[in-house]
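Notes for the one structure printed next.
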Amino acid sequence: MTKRLWIETVGCQMNVLDSELVVAALRRRGWEPAGSPAEADAVFYNTCSVRQHAEDKVYSALGRVRLEKAKRPELVVGVLGCMAQKDQDLIRTRAPWVDLVVGPGQLHRVPALVDDVLAGSGPRIEVSLDRTAGSRDAVARSFESYDPDRDPTMRPTPFQAFVRTQTGCDKFCAFCVVPKVRGPEQARPPEAIFAEASKLVAEGCREITLIGQTVNSYSWKDGGRTTRLSDLLVGLDAIDGLDRIRFVTNYPRDMTDDLVQAVRDLPKVCHYLHVPAQHGSDAVLKRMKRGYTIGEYLEMHARVREAIPHAAVTSDFIVGYCGETDEEFAATVELVRRLQFKNSFIFKYSPRPGTKAFERLPDDVPEAVKRERNRVLLEAQAEASLAGNAGFVATRQRVLVEGLSPREEKAASREENAVAGVEAAPDRQADRVRQLAGRTMCDRIVVFDGPERLIGRILDVDVIAAGSWTLSGVLPNLDHAEP
Ligand code: SF4
C-alpha cells in the first residue's frame, strides 16, 4: 500500500529547497503526499534555529503529533534541519516519541533512515560534526550538500525554482547560529549549477533564484581560475529559455564591482539586491561582529545606486540587540530613512545558544522596548516603502505572474471548502478572472485582475496605485502577454 508523508517547513529558502528535495527523494521510492498529519505514515518537521520562536513552533507541533503517535506507534516522526543539528539528543529528551533527528548535512540519508525505522531499527540521530570537533576539512566533509535531481511537480510553481550555490557560512556574526548548524561555507562546482539550471529550464522553469547564506561570497577555485557569482550570472544569462535570475542573500562586504556590473548589464538578472545591514550604528555592528562599518555600507549602497539607479535594495534589521541604546536604535531608523530600502525584514533580537552573543553579551533590552522599537522601525520602513512604490504609479511594468493574490488565495480556499468534491472544468477554471499577483524585475509585487491561465506568463501591467507592500495594476492588453 502507498505510504504517505507530511512535511512542515519553517525558516528560509534553504529549508524550502531542502524540503522539496527530501519529498522528491521519498516520492521516487513510492511515497505520496498526505493531506494532513493524521493521514500520514511519516511526519517531518524541517526546522529553523535562527529565532527561539521558530523552535517553539516545532516543539508545539511535536506536542500535537504525540497524540497521533500514541494511537499509531508505527507513524515515523522526524525532525530535520537546523534544530536537529543544534539540539541533537535534546530533541529526544524533550520529545522521546521522535524517531529521526537529521541535520541539514545528512538529508541525503533520510529515505534510508526511514526504511531503517520502519524495519524496527529504533530511533536514529544523524548529524554532522560540531564546528570545533575537527579540522575545517573534516567538519566540511561531514556536511554533505544535498542536490539530487529535481522533481518538477514538487516545486510550489513549475516556472520558478531555487538553485543552491553553496552551503554553510564562515562569517560568524555574533548573533547567528547558521555557521554552527549549517557548517563551513562550501561552494558547488559551477558546472553542477549550470547543469541543474539547464535541466530546470528544459522542464519549464522561467525564473531561477540562486540561494546561499552569503550568495555573493561564492568562490570556486579550479586550477588557476576562480569562478565568482558574477561569472555564474554570465553563464546563466546565456541559457536559452531562462527569463529571470535572482540571488539571495548578499553580504555587504562582498558586493564587488564585478557583481554590480553583472546585475547592471545582464538582461535576465533582476535589479533586486537583498543586502542585510542589520543595524545603523557602528558600535552595534562591532558588537554583532558584522565586519563592516556604516560608512562602508553607505559606500556599497552608493555604488549600487550609481550603477543601477532603480535597483531595489532590501535589508534585514535586528532591534533590541545586546546593549542597544536609544541613540543606537535611532541610528538604525535614520539609516532606513536615508537609504529608503524597498523593504526590510525586521526582527527582535533572540539570543541563540552556541553563538558568541549568547555566551558573552547579556540580552539586556527589555521585551517591551524591543517590541516598541520593532514597531517604530516597521513604521519608518513602511513610509520608505510607500514612497518608493509611489514612483511606479503610471508606469508599465514587465511582470512574472506568480499566482493568485493572497486575498484571492483565501477566497479560493473558502470556496474549496464550500464545494469540496465539485470541480470546475479545467478550461473554465483557467478563464475565470481572479486577482493575480506577479513580480516586477525589481521585486515589486503587483496585483491585478486577470484570467488564471496567465499564471506563469510574463506580461505588461499598468500600475495605477501604490501601497507600502504592493502595487495595484491593470492589464493594458492581453496581446502583450508572452507565451
Ligand atoms: S553572514 Fe552572518 S547573519 Fe548571515 S548567515 Fe552568516 S553568520 Fe549568519
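The values are calculated or read from the model by the stated rules, or taken from the named source; none is laboratory data. Model, not experiment: these values are computed from the prediction. A quick note on method: Cβ atoms are made from the backbone with ideal geometry, for glycine too, and the neighbour counts reach across all protein chains shown. Side chains included, ligands, DNA and RNA excluded: accessible areas come from the protein's heavy atoms. Shrake-Rupley method; radii C 1.70, N 1.55, O 1.52, S 1.80 Å.
Got a sec? Which of 170, 149 is part of a loop (DSSP other than H, G, I, E, B), outside the structural domain of residue 13 (by TED's automatic domain parsing), acidic (Asp, Glu) and within 16 Å of the ligand (Cβ to nearest atom)?
Working: 149 fails: within 16 Å of the ligand (Cβ to nearest atom).
Answer to the check: 170.
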*Is it true that residue 191 is assigned by TED's automatic domain parsing to the domain that holds residue 279, within 21 Å of residue 275 (Cα to Cα) and more than 15 Å from the ligand (Cβ to nearest atom)?*
no
*Single residue of region 152-167 satisfying the filter (of a type in the set (Ser, Thr, Tyr) and within 16 Å of the ligand (Cβ to nearest atom)) that is nearest to residue 453 (Cα to Cα)*: 165
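Which of the residues that make up region 242-262 are over 25 Å from residue 337 (Cβ atoms) and either in contact with a helix residue (DSSP H, G or I) (Cβ under 8 Å, 6 or more places away or on another chain) or within 16 Å of the ligand (Cβ to nearest atom) (or both)?
Initial filter on region 242-262 (over 25 Å from residue 337 (Cβ atoms)): 242-247, 254, 256-259, 261-262.
Correct list: 242, 245, 247, 254, 256, 257, 258, 259, 261, 262.
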*Which condition number does residue 221 fail, the rest of (1) within 11 Å of the ligand (Cβ to nearest atom); (2) of a type outside the set (S, T, N, Q); (3) out of contact with any Lys or Arg (no Cβ under 7 Å at 6 or more places or on another chain); (4) more than 26 Å from residue 26 (Cα to Cα) being met?*
(1)
*asked:* Residues to consider are 235, 224; find the one that is of a type outside the set (D, E, K, R), touching a Phe, Trp or Tyr at 6+ places or on another chain (Cβ under 6 Å) and in the same structural domain as residue 257 (by TED's automatic domain parsing).
replied: 235
*asked:* One residue is enough: does region 230-244 have a residue meeting the conditions touching a residue at least 40 places away in the same chain (Cβ under 8 Å), out of contact with any Pro (no Cβ under 7 Å at 6 or more places or on another chain) and part of a strand (DSSP E or B)?
replied: yes
*Of all residues in region 363-401, which are open to solvent by less than 30 Å² (accessible area, probe 1.4 Å) and farther than 30 Å from residue 438 by Cα?*
365, 370, 373
*asked:* Just checking, does region 37-56 include any residue being open to solvent by 20 Å² or more (accessible area, probe 1.4 Å) and among the β-branched types (Val, Ile, Thr)?
replied: yes
*What residue, of 277, 238, is at pLDDT 95 or above and within 13 Å of the ligand (Cβ to nearest atom)?*
277
